[in-house]
Amino acid sequence: MSSLHSLLRAVARIPTRCLSIPVFAFCLCLAVQTAAVGHELRMAWNADVGPSNPHMYQPSQMFAQDLIYEGLVNYGPGGRIEPHLAESWALSEDGRELTFVLRRDVVFSDGTPFDAKAVLLNVEHVLANRERHAWMEFIRQMDKVDAVDSHTVRFSLKQPYSGSLQELSLIRPLRFLSPSGFRETGITRDGIKAPIGTGRWIMSEYRKDEYAVFLRNDRYWGTKPTLSRVVVRVMPDVETRLLALERGDIDLLFGDGLVGLEAFVRLRQNRSVETFVSGPLFTRIVQLNTSRPLLADIKVRQAILSAVDKDSIVKSLLLDLEPRADGLFSPGVPFTDVGLPPVPYDPGKTRALLEEAGWRLTPGQGIRTRSGERLALTLAFAAPNTVAKGLAEVLQAYLRAVGIELRLHGEDPAATMRRQRAGDFDLMYGDSWGPPYEPAAFINTMRSPTQPSAIAQTGLPMKADIDRVIASAMAATSEERQREMYRILLTTFHEQAIHLPISHAVNLAVLRRDFTGFGFAEQQYVIPLERIRRR
Amino acid sequence: MRQVTRRLILAPLILWATSTLSFLLLSLAPGGLESSLLHGLGLQPTPETIASLRSQFGLDRPLLERYGEWLVSALRLEFGRSYITGEPIGADFARLMPATVELAAAALALSLAVSIPVGMVAGMRVGGSLDLASRLLAIGVTALPGFWLGYLLMYGFSVWLDLLPLSGRGSWAHLVLPAVTLAAGQTALFARLLRNSVVGELRQPYVRFARARGLRRRHLFGRHVLRNAGLPLWSALGVAVGGLLSGAVVVETVFAWPGMGRYFLSAILTRDLPVVQAYVCCVAAIVVATNLIADIVHAALDPRIVTQAAP
């Protein structure tokens with residue numbers, strides 16, 4: 001009886017099983033398909049990703065270069081230098097030799113082993129275009145590079161340089177192209193054959209001015225990304241990018257220039273996306289040119305610094321997204337926390353300082369004069385920079401309130417650059433460089449005669465001493481020495497009132513809620529896509 | 001014939017003057033070429049870098065020498081290389097031109113397809129509802145900036161109704177919104193032009209005479225009124241091509257359409273001067289050519305022009 005019952009049950013199950021097989025197969029197909037689609041992330045960028053040449057600058061986009069190529073070291077939290085393609089390194093006692101031991105488990109995405117020979121080939125090509133990289137002190141100081149063995153390379157420097165490791169962690173130009181990616185003739189300045197690196201991503205498809213597709217590098221030596229594919233679509237217009245995000249055509253917007261502050265604040269109310277604000281990166285600064293007659297007087301410079309209510313600017317113009325800046329560098333930049341007091345907003349002090357300097361207001365006149373000369377200054381900035389434009393207008397109003405006329409020179413970026421190089425400005429808006437360029441690379445430019453930061457200091461009586469201290473900071477081989485030199489420099493800049501720091505700029509990102517795991521990296525243009533996963 | 005010959009002789013002169021002017025103006029642009037290069041290539045202004053750029057891009061050579069070299073390159077339709085990408089500009093033009101031609105042709109076809117019937121009917125029924133509607137629409141569309149109309153269409157048809165793709169180039173559906181945006185201004189212009197022309201033609205004695213003779217309405221409009229009223233449209237078409245190309249700069253940027261207009265705007269932003277010069281020359285050549293063709297066609301259709309021009 002029981003066997004008959006079992007038989008009947010088995011027969012009864014047949015249709016169910018027959019149905020369940022296709023249903024199961026359908027579900028499996030659906031799951032596979034969903035997984036395939038689910039592992040793709042679509043993001044927008046405002047420009048074509050470029051040829052992704054690791055040794056060159058624009059039009060190659062830094063974020064794409066970082067996806068494909070890697071450096072010997074990585075810039076980690078708090079400015080700590082971490083091993084990356086090099087598992088360890090050693091600095092000689094005189095600071096002139098930097099020896100790196102390379103990881104042995106790294107291959108380029110085409111299967112070519114990453115070794116000392118590949119490093120040498122890349123460095124040779126970079127050095128063949130040395131003039132283009134002259135802003136990097138590490139390359140200026142590099143005398144030669146040689147292979148100690150198959151996985152050890154040694155960089156010999158003419159002079160010790162304390163920012164060497166930081167410059168080796170930069171996205172460009174000291175990253176590594178596979179030997180098969182080089183053209184048969186010429187140097188990488190003139191182009192590459194194919195963008196092949198050791199990074200987590202491989203550029204699999206590229207249609208200039210339209211899109212680029214990156215596939216996960218399954219040969220990657222470290223933690224592989226969860227996503228299998230990233231599509232970067234070129235969308236030059238900010239409103240189009242926002243509409244595409246709203247429509248679900250793209251999943252990620254990264255970078256403050258890609259979103260816009262007001263739109264970002266609006267997107268915080270949107271339930272289909274998640275918004276992210278990074279920690280402070282670079283500093284928005286107004287430089288005061290001490291070589292100009294009116295600003296040669298320290299009292300006028302101090303007066304300007306006290307005349308500006310930065311808290312109001314942060315609230316109204318920067319929509320409370322960026323923290324107020326009291327120093328030249330963001331908190332956390334190594335060696336720069338020297339405990340300098342902030343300059344408070346004090347228009348009363350400003351007026352008193354200007355009176356002391358002989359600049360007086362006559363009844364019926366809004367602008368101060370001294371011996372018939374008006375206290376009129378110029379502020380130069382690149383007109384397409386909307387934050388700079390807004391900031392310039394606010395500064396104009398603050399200075400007008402204390403009797404200083406500020407004429408705005410919002411110009412084409414190239415014209416602004418020429419004005420910078422010629423020193424043809426009283427005040428100049430600019431950004432510091434952010435990590436990992438700070439403090440060494442950024443401070444070092446203050447010695448370069450074509451940099452606005454250097455030109456702005458030329459009116460200081462102690463400029464020669466400043467340059468000597470900068471040289472000492474660059475050549476310092478101990479952390480104590482570096483700390484001391486930066487303390488002297490930052491204190492001098494502060495006392496001489498040559499910088500008006502406004503805020504520390506941040507990075508912004510918006511991610512559709514279908515994805516999770518987003519977090520910012522330490523460098524502005526590094527997008528850690530490997531952390532993102534589908535919910 | 002003489003008129004056409006004169007225009008044919010003038011055309012190269014106009015092109016030469018435009019190209020020379022653009023070369024000189026851009027060479028003397030504020031900031032100088034080195035600053036443009038530094039900005040465009042994202043480089044720091046060190047003395048070594050500046051010297052290397054001057055030598056690499058030949059900025060250390062006399063202006064006249066560079067002009068001569070550029071002119072020869074332009075005559076070969078190569079236009080030199082982009083400062084920023086290092087790619088030959090002629091090759092970039094060849095790659096991007098089909099997208100712009102596709103967009104401009106679609107916009108032009110759409111303009112004519114809408115404006116001719118609207119203009120005709122509005123002209124035939126002056127003061128009627130279509131005349132009033134077309135007038136209001138013309139004012140509205142002309143006053144509305146192209147990019148704004150683009151955003152409205154994108155939001156309405158792509159985000160809200162989900163009927164059409166938002167941006168990019170691919171299927172015919174990708175073409176609809178940018179083509180409508182680009183066509184809007186021209187459509188309004190053409191429709192009003194044709195409407196006024198039809199009104200003028202209908203007052204001509206030959207129309208009254210034809211009606212008195214009992215000519216059928218369809219025959220009268222199809223064979224006589226439309227042919228004559230359409231003459232100003234030919235002249236407007238010549239100018240419209242220039243308008244379409246300038247409109248494409250904005251429309252291609254808003255709709256992420258990979259064409260010449262976007263390439264030009266990007267070149268302006270990065271101060272890629274050889275590309276800007278080449279684009280100016282290219283647009284000048286297209287405008288000169290289309291105007292010339294429009295004039296020839298106009299002259300062929302309306303022999304009075306040739307007669308009046310003759311001494």
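The values are calculated or read from the model by the stated rules, or taken from the named source; none is laboratory data. No experiment lies behind these values; they were computed from the predicted model shown. Cβ sites come from the backbone with ideal geometry, for glycine too, and all protein chains shown count toward neighbours. Side chains included, ligands, DNA and RNA excluded: accessible areas come from the protein's heavy atoms. Shrake-Rupley method; radii C 1.70, N 1.55, O 1.52, S 1.80 Å.
Remarks
- Search result, residues across the stretch A:211-236 that are in contact (Cβ under 8 Å) with a residue 60 or more places away in the chain and facing chain B (nearest Cβ under 10 Å): A:Arg233, A:Val234, A:Met235, A:Pro236
- Selection over the stretch A:166-188 of residues that are part of a helix (DSSP H, G or I) and surrounded by 19 or more Cβ atoms within 10 Å (Cβ to Cβ) gives a count of 5.
- Criterion: touching a strand residue (DSSP E or B) at 6+ places or on another chain (Cβ under 7 Å) and not polar (S, T, N, Q) - qualifying residue of A:Gly459, A:Gly430, A:Gly423: A:Gly430
- Filter result for B:Gly247 (modelled with pLDDT of 85 or more, closer than 30 Å to A:Asp48 by Cβ and in contact with a helix residue (DSSP H, G or I) (Cβ under 9 Å, 6 or more places away or on another chain)): yes
- Looking at A:Leu328, A:Leu319, A:Leu340, just one residue is open to solvent by less than 40 Å² (accessible area, probe 1.4 Å), of a type in the set (A, V, I, L, M) and touching a helix residue (DSSP H, G or I) at 6+ places or on another chain (Cβ under 8 Å), and that residue is A:Leu328.
Yes or no, residue by residue, for (1) modelled with pLDDT of 85 or more; (2) within 23 Å of A:Asp190 (Cβ to Cβ):
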position	(1), (2)
B:Pro30	no, no
B:Ala51	yes, yes
B:Gly86	yes, yes
B:Asp92	yes, yes
B:Pro98	yes, no
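Table: residues versus (1) more than 14 Å from chain A (Cβ to nearest Cβ); (2) buried (at least 20 other Cβ atoms within 10 Å of the Cβ); (3) among the hydroxyl-bearing types (Ser, Thr, Tyr).
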{"site": "B:His219", "(1), (2), (3)": "yes, no, no"}
{"site": "B:Glu252", "(1), (2), (3)": "no, yes, no"}
{"site": "B:Gly259", "(1), (2), (3)": "no, yes, no"}
{"site": "B:Ile268", "(1), (2), (3)": "no, no, no"}
{"site": "B:Leu292", "(1), (2), (3)": "yes, no, no"}
{"site": "B:Ala299", "(1), (2), (3)": "yes, no, no"}
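- Single residue of B:Arg195, B:Arg169, B:Arg203 found to be within 14 Å of chain A (Cβ to nearest Cβ), basic (Lys, Arg) and more than 19 Å from the chain's Cα centre (by Cα): B:Arg169
- Taking helices (runs of 4 or more DSSP H) as the structural unit, those lying wholly within the stretch B:1-106 and holding at least 2 residues that are more than 14 Å from chain A (Cβ to nearest Cβ), over 27 Å from B:Gly247 (Cα atoms) and β-branched (Val, Ile, Thr) correspond to B:2-27.
- Subset of the stretch B:19-59 (residues that are open to solvent by 50 Å² or more (accessible area, probe 1.4 Å), closer than 18 Å to A:Asn129 by Cβ and not polar (S, T, N, Q)): B:Pro47, B:Glu48, B:Ala51, B:Arg54
- Where A:Ala263 falls short, out of the listed (1) open to solvent by less than 20 Å² (accessible area, probe 1.4 Å); (2) under 27 Å from A:Gly50 (Cβ atoms); (3) assigned to a loop (DSSP other than H, G, I, E, B): (3)
- Among the conditions (1) away from chain A (no Cβ under 14 Å); (2) closer than 30 Å to A:Asn385 by Cα; (3) aliphatic (A, V, I, L, M); (4) open to solvent by less than 70 Å² (accessible area, probe 1.4 Å), the only one that B:Ala143 does not satisfy is (4).
- Output for the stretch A:198-224, where each listed residue is at pLDDT 95 or above, buried (at least 20 other Cβ atoms within 10 Å of the Cβ) and part of a loop (DSSP other than H, G, I, E, B): A:Thr198, A:Gly199, A:Arg200, A:Asn217
- Residue count for the stretch B:90-136 satisfying the condition of being more than 30 Å from B:Ser171 (Cα to Cα) and either aliphatic (A, V, I, L, M) or open to solvent by less than 70 Å² (accessible area, probe 1.4 Å) (or both): 15.
- Hits in the stretch A:412-444 (condition: open to solvent by 10 Å² or more (accessible area, probe 1.4 Å) and of a type in the set (S, T, N, Q)): A:Gln420, A:Asn444
- Only one entry of A:Gly191, A:Gly222, A:Gly199 meets the criterion of being closer than 26 Å to B:Pro258 by Cα and either touching a helix residue (DSSP H, G or I) at 6+ places or on another chain (Cβ under 7 Å) or not aliphatic (A, V, I, L, M) (or both), and that entry is A:Gly191.
- Just one of (1) within 24 Å of A:Gly78 (Cβ to Cβ); (2) within 14 Å of chain B (Cβ to nearest Cβ); (3) buried (at least 22 other Cβ atoms within 10 Å of the Cβ) fails for A:Ser453. It is (1).
- Top-ranked residue of the stretch B:270-290 - restricted to ones that are more than 14 Å from chain A (Cβ to nearest Cβ) and among the β-branched types (Val, Ile, Thr), ranked as farthest from A:Glu411 (Cα to Cα): B:Thr290
- Criterion applied to A:Ile202, A:Ile192, A:Ile187 was being of a type in the set (Val, Ile, Thr) and away from chain B (no Cβ under 14 Å), and the one residue passing it is A:Ile202.
Table: residues versus (1) surrounded by fewer than 21 Cβ atoms within 10 Å (Cβ to Cβ); (2) touching a Lys or Arg at 6+ places or on another chain (Cβ under 9 Å); (3) modelled with pLDDT of 95 or more.
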residue	(1), (2), (3)
A:Met485	no, no, yes
A:Thr492	yes, no, yes
A:Gln524	no, no, no
A:Arg531	yes, no, no
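- A:Val123 fulfils the conditions (1) of a type in the set (Val, Ile, Thr); (2) part of a strand (DSSP E or B); (3) surrounded by 16 or more Cβ atoms within 10 Å (Cβ to Cβ) except for a single criterion, (2).
- Listed here are the helices (runs of 4 or more DSSP H) enclosed by the stretch B:204-311 that have at least 2 residues being of a type in the set (Val, Ile, Thr): B:231-254, B:273-301, B:303-309.
- Evaluating A:Thr240 against the criteria (1) open to solvent by 30 Å² or more (accessible area, probe 1.4 Å); (2) facing chain B (nearest Cβ under 10 Å); (3) of a type outside the set (Lys, Arg) leaves one unmet condition, (1).
- Of all residues in the stretch A:101-135 being among the hydrophobic types (A, V, I, L, M, F, W, C) and within 25 Å of the chain's Cα centre (by Cα), the one that is farthest from the other protein chains (Cβ to nearest Cβ): A:Val119
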